[in-house]
Structures are given as C-alpha cells and as structure tokens.
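Scroll down for the structure; my scribbles are underneath it.
The values are calculated or read from the model by the stated rules, or taken from the named source; none is laboratory data. Note that this is a predicted model, so its numbers are computed, not measured. Using ideal geometry, Cβ is built from the backbone for each residue, glycine included, and neighbour counts are taken over all protein chains shown.
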Ligand code: ZN
C-alpha cells in the first residue's frame, strides 16, 4: 500500500512564499516556513488523503494498524519529513537527545535531524557547531552575547547533505530550501534569535537547557557535511545511516525498480516528475510505502529523498 498524506503547513516568522508558489501546497498566511509532509507528531498529524484509510491520521494508523509499519516497537511513529523554506535566518538552536527529552520534557524523542539542501544562494553558509573549548567558555560567550565568535559557519552548496546530531548548535539561514528528515520531535532550545521581535516581543530563549545539552568541544563540522554530486543514477545512494533513520538519494532517469523491504519507506519528490507503480507523481509529492509493499517501479526523470527508520532490525 502507498499512503498519501495531507501536508501540514506552518507559518513562521522566518518563512517565505516558495512552498505555496513552487510546490503544490496551499496555506493561509504570509510567511510559510514549513511543510510537514510525513508527520504523526501531535503538532501536525498528517491525515491520509485517499483509499481504505482516508481520513485517518498517521498517528492513529500507527497506533491501530502497527502491522502496516512492520510491527515496529517504537512507541510513536518515529520520523518526520518536512520541507523548510527560510526567507530569513532561523534562530541559532540546539536539540536534546532522547534521554534528555524524556527526562526534562516528558516526550519520548529528542531530535536528530538531517538536511538535504534543495536550494541555497551562491557562497552560502550554515551555522554548524561552535568554537568554545570548555562549557565555561561556552556559557561566558553566550552570557556576553559574543555569538560571532562562538558559532562556526560552514560553507554549503546546493545538493549538500548534513547530519545534525543532538547537542550540535545549528541554524538555517535565509535563502535555504531544505528537505529535513528528523526524529518525530519538535523540542528545540533557542540559543540566540538575533534580537528579533515577534509581535513586539523577543521569542523565548532556552539558555540553561542549551548549555546543558550543547556538545563541548564540538567536532560536528568535520562529520556533518557531505557533497552529493556525481552519485550514480537509478540506484538508492545511502546518505546517512544512524540509529534513528536511513536516508537515501535517488536520481531517476528512465526506469528503476527496487524492493520495499523496510518496516516502511518514505519517498519525497524534490524535482521532476514521473510515475510510481504507474501513478503520476511530481515535485513536492511525498508518499509512504507500508510494510510488505514489495516491488516498487519508478519511471520518469526525478530527484527524490527516501527514508526509513534506523537501527538493527
Ligand atoms: Zn534543528
């Protein structure tokens, strides 16, 4: 079975217009920052659009029909796939790991996330990691508002892929369009928000939690980034495999068939168009192949990111 969900669009102070002008999404409001495309998170639970389970939320399906997800033991549907359109800079932030999220926030998942850069300006950079050598130095630089010295800027280009481990200070900047695959969590600790006002007030910072969870010293930049140019066509190119997810890139030219042998498999079309098992799909379409789907046949010319749950199974 292939599930198609109604995407959940989010308005954000830093969001742009691309999700409603370049993609087949609809939303009220001016600054649309995120499309939660495959999500069972309570803050944006996707509803199945058609077929036997039309009208059911993904969280409900996961609860009632675990067999569709290979009888996974994870207590909530583990992944969230979204597209982010940043017109201006996002806050500098950090996420906790599962243990910290459970203890301090009462939720099952912290947030490991990864980004595929769908578009960005020339000579762009993202904030990945920091330069503090000790936790005291980290606390001092934050207390003294010395963010330019603290944060590390990493040059990034279109097509790059970045893995953001919990505890990694990071920020998406204006001009980036990103496909994010992440644990199903929205626990974010804001370290710095450029002094911006939202509705006349600064957004809340979470300095204490940030200092708790930020990795010191930080080596994220040496491990986080990989370029994806020159990957072979018509195969699933593994970009990341961690305990939370596996993520692949596919450049389809012509036709390609493979076996869906995972508890579930998410496919997001980033560019181009074609067919999946004979059904027309195009840029901005996302789908979830349930467990036991078997063979998948793709035809056309398109770029896609695929993902499934990680870990040994
Ligand atoms: Zn993040």
Only residues in the range 39-56 that are in the same structural domain as residue 108 (by TED's automatic domain parsing) count as the first member; pair them with residues that are part of a loop (DSSP other than H, G, I, E, B) and modelled with pLDDT under 95, Cβ under 7 angstrom, at least 6 apart or cross-chain, and list the lot.
41/186; 43/186
Exactly one condition in (1) within 30 Å of residue 209 (Cβ to Cβ); (2) crowded, with 18+ Cβ neighbours inside 10 Å; (3) at pLDDT 95 or above is false for residue 42; which is it?
(2)
Would you pick out the residues in the range 206-239 that are free of Cβ contacts under 8 Å to residues at least 40 places away in the same chain, in contact with a strand residue (DSSP E or B) (Cβ under 6 Å, 6 or more places away or on another chain) and farther than 27 Å from residue 155 by Cβ?
206, 234
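Out of curiosity, is residue 109 in a strand (DSSP E or B) and either within 14 Å of the ligand (Cβ to nearest atom) or farther than 20 Å from residue 204 by Cβ (or both)?
On the way: in a strand (DSSP E or B): no; either within 14 Å of the ligand (Cβ to nearest atom) or farther than 20 Å from residue 204 by Cβ (or both): yes.
Criteria not met by residue 109.
List the strands (runs of 3 or more DSSP E) that sit entirely inside the range 157-256 and contain at least 1 residues that are more than 16 Å from the ligand (Cβ to nearest atom) and over 28 Å from residue 143 (Cβ atoms).
Numbers: elements: 161-164, 177-183, 189-192, 237-241.
So the answer is 237-241.
Conditions tested, residue by residue: (1) in contact with a helix residue (DSSP H, G or I) (Cβ under 8 Å, 6 or more places away or on another chain); (2) over 24 Å from residue 307 (Cα atoms); (3) at pLDDT below 95.
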{"site": "158", "(1), (2), (3)": "no, no, no"}
{"site": "161", "(1), (2), (3)": "no, no, no"}
{"site": "186", "(1), (2), (3)": "no, no, yes"}
{"site": "189", "(1), (2), (3)": "yes, yes, no"}
{"site": "196", "(1), (2), (3)": "no, yes, yes"}
{"site": "215", "(1), (2), (3)": "no, yes, no"}
Kindly indicate whether any position in the range 4-24 is at pLDDT 95 or above and over 20 Å from the mean Cα position of the chain (by Cα).
yes
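Take the conditions under 20 Å from the mean Cα position of the chain (by Cα) and either modelled with pLDDT of 95 or more or under 27 Å from residue 287 (Cβ atoms) (or both) and apply them to residue 210. Does it pass? Lay out the reasoning, then the answer.
Values: under 20 Å from the mean Cα position of the chain (by Cα): no; either modelled with pLDDT of 95 or more or under 27 Å from residue 287 (Cβ atoms) (or both): yes.
Criteria not met by residue 210.
Sort through 292, 274, 300 and tell me the only one that's surrounded by fewer than 15 Cβ atoms within 10 Å (Cβ to Cβ) and farther than 21 Å from residue 181 by Cα.
When all the criteria are applied, what remains is 292.
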Counting only residues in the range 79-91 that are surrounded by fewer than 22 Cβ atoms within 10 Å (Cβ to Cβ) and touching a strand residue (DSSP E or B) at 6+ places or on another chain (Cβ under 6 Å), the one farthest from residue 34 (Cα to Cα) is identified as 91
Could we say that residue 151 is touching a residue at least 12 places away in the same chain (Cβ under 8 Å), within 16 Å of the ligand (Cβ to nearest atom) and more than 16 Å from the chain's Cα centre (by Cα) here?
yes
Limited to the range 81-96, what total is found for residues that are closer than 15 Å to residue 13 by Cα, in a strand (DSSP E or B) and either away from the ligand (no atom under 11 Å from the Cβ) or assigned by TED's automatic domain parsing to the domain that holds residue 286 (or both)?
2
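Assigned to a strand (DSSP E or B) and either free of Cβ contacts under 8 Å to residues at least 24 places away in the same chain or more than 16 Å from the chain's Cα centre (by Cα) (or both): is that true of residue 129 in this structure? Spell out how you get there, then give the answer.
On the way: assigned to a strand (DSSP E or B): yes; either free of Cβ contacts under 8 Å to residues at least 24 places away in the same chain or more than 16 Å from the chain's Cα centre (by Cα) (or both): yes.
Yes.
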